[in-house]
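Take a look at the structure below.
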Amino acid sequence: MQFQHLFVANKLLWNSRIVVPVGLCRGQWRRLCTRTTHNQEAHHCSTPVLKHLTSKIRSTGPISVAEYMREVLTNPVAGYYVHNDMLGAEGDFITSPEMSQIFGELLGIWCMSEWMAAGKPKEFQLVEFGPGRGSLTSDVLRVFGQLKSVMGESAVSVHLVEVSPKLSEVQAQSLTGEDSQTADNENNPVYRRGTTKTGHPVYWYRGMEDVPRGFSIYLAHEFFDALPIHKFQKTDKGWREMLIDIDPQVANKLRFVLSPSATLASSTLLQADEEREHVEVCPEGGVLVQRLTNRISADGGAALIADYGHAGDKTDTFRGFRGHKLHDVLMAPGTADLTADVDFRYLKRMTEERVLSFGPITQQQFLRNMGIDVRLQVLLRSCTDSSTRKQLVQGFDMMMNPEKMGERFKFFALVPHSRIAIQTRGKKAEQKGAAAPPVSGFSELGL
């Protein structure tokens, strides 16, 4: 049944030969392939965030890496995400939706397939965490528009979780043109709203807790990797948390130190059977997955998480990016992106098996399962402009090449247990013991 849903949606989309114009940020990708030396110019640069952090450390002592990341990225006064447009050729990184329309189209097919598998609910909420410039949501909505015959009269609404007022403006311009308004009251959970160019209502929130309940498809592309992590090191005296302190030898310089004794985080966040010597744990990511689990199990829907990640085997992945180059995480805080690979084994554990999880699988495998090769050929056949054809091929290579994004990025899905029950209902008695049909893009259950 699932393959029928995917086939129907793909067949209708593949008949579409629309090639979306490629902007500056969709022509290049440097975040993974640039491996230059750290920029040393800002080593002693004092930034507003650095002044704030050093004042805090002098008052209360060394801080956790999680607190450092939270302040650097989302401080309401000077946080990197709050006041910067960090995407595109002029920013610090470029993501797959900015690179090729095919990526968003295939995720749109995934959303449609999961909606069909759930019985085509009349209310359909599309929720995206950290929507960047709005390119992914825009591509997904274009797919929905091309599949109107399948969508029927279903009421689709768009819900964006975005902490950056700056980026919400960019998203609103991309998705609605001039048709959006900000809330009069800054305490309003919906701080911006509008109508997309495709006619769908769209709302902006600061956190998932403000998104209305109901059947929802959740997308999180390069979102979990920016959530704050705690770092731990195994020592002869047991686990110790890595903290950030002021270097007493150099002005305006921070350094890593080990906690002299166990901290609350090192006592509660680590597993008793942990075998690695160095571990990163993202409790905010775990809480978000628990909330997704609660909603999906109660209201239906599905979640698709795509990010740098691993299956619980990596150790030190904390890094910074500035101007498409690796950047020392402790230099000039507030001027560079901070990120850490997602531990999908940890996210799986946080579901407590109250939903089904699929993956993680590589981006190459997921996109191939979703039909990226066929879609590329359809677009190339319909495109006569040599420059656009070249960009389509380059975008495909960046997303699929194992040495670029193909294997570095992983896909992980959450669906309700009822999802499988719906698919298997009505099967012949001899088929009851058969393996559950896979979710679109995945061939088997996860970790």
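The values are calculated or read from the model by the stated rules, or taken from the named source; none is laboratory data. All of these numbers come straight from a predicted model, not from anything done at the bench. Here the Cβ is made from the backbone with ideal geometry for all residues, glycine too, and neighbour counts use every protein chain on show. Just the protein is used for accessible areas: all its heavy atoms, side chains included, with ligands, DNA and RNA removed. Shrake-Rupley method; radii C 1.70, N 1.55, O 1.52, S 1.80 Å.
Structure above, values below:
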quantity	calculated
Whole-number D in µm²/s for segment 47-187 (Stokes-Einstein; Kirkwood sum over Cα pairs; 4 °C, 1.567 mPa s)	74 µm²/s
Full-stretch length increase - residue 182, residue 274 - with 0.36 nm per residue and alpha-carbon distance subtracted	28.4 nm
Dipole-positive endmost among 320, 361, 309 within segment 230-362 (Cβ charges, Cα centre)	320
Whether segment 329-429 is rounded, prolate or oblate, judged on the alpha carbon gyration tensor where a/c under 1.5 counts as rounded	oblate
Carbon/sulfur fraction of accessible area - segment 209-365, other protein chains in place, 1.4 Å, %	48 percent
Heavy-atom SASA rank of 81, 308 (probe 1.4 Å, accessible area, largest first)	81, 308
Length released on extending from residue 149 to residue 403, taking residue separation times 0.36 nm less the Cα-Cα span	87.5 nm
Accessible-area order (highest first, 1.4 angstrom probe) of the listed residues 168, 154	154, 168
For segment 181-257, projected area of the alpha-carbon convex hull averaged over all directions, nm²	10.8 nm²
Accessible surface of residue 317 - all protein chains present, 1.4 Å probe, nearest 10 Å²	10 Å²
Extension gain (nm, one decimal) between residue 213 and residue 59, 0.36 nm per residue minus Cα-Cα	51.3 nm
Förster-model FRET efficiency, 51 Å R0, residue 417 and residue 198, C-beta, rounded to 0.05	0.95
Rough spin-label spacing in nm, given labels placed 7 Å along Cα→Cβ, for residue 352 and residue 249	4.8 nm
Under 16 Å from residue 197, Cα to Cα: aspartates and glutamates that are on another chain or at least 8 residues apart	139, 169, 178, 179
Violating pairs (Cα-Cα greater than 22 angstrom) within the set 166/231; 56/231; 314/410; 122/410	166/231; 122/410
J(HN,Hα) series, segment 118-126, from Karplus relation 6.51 cos²θ - 1.76 cosθ + 1.60, nearest Hz, glycine and proline x	7, x, 6, x, 5, 9, 9, 9, 9
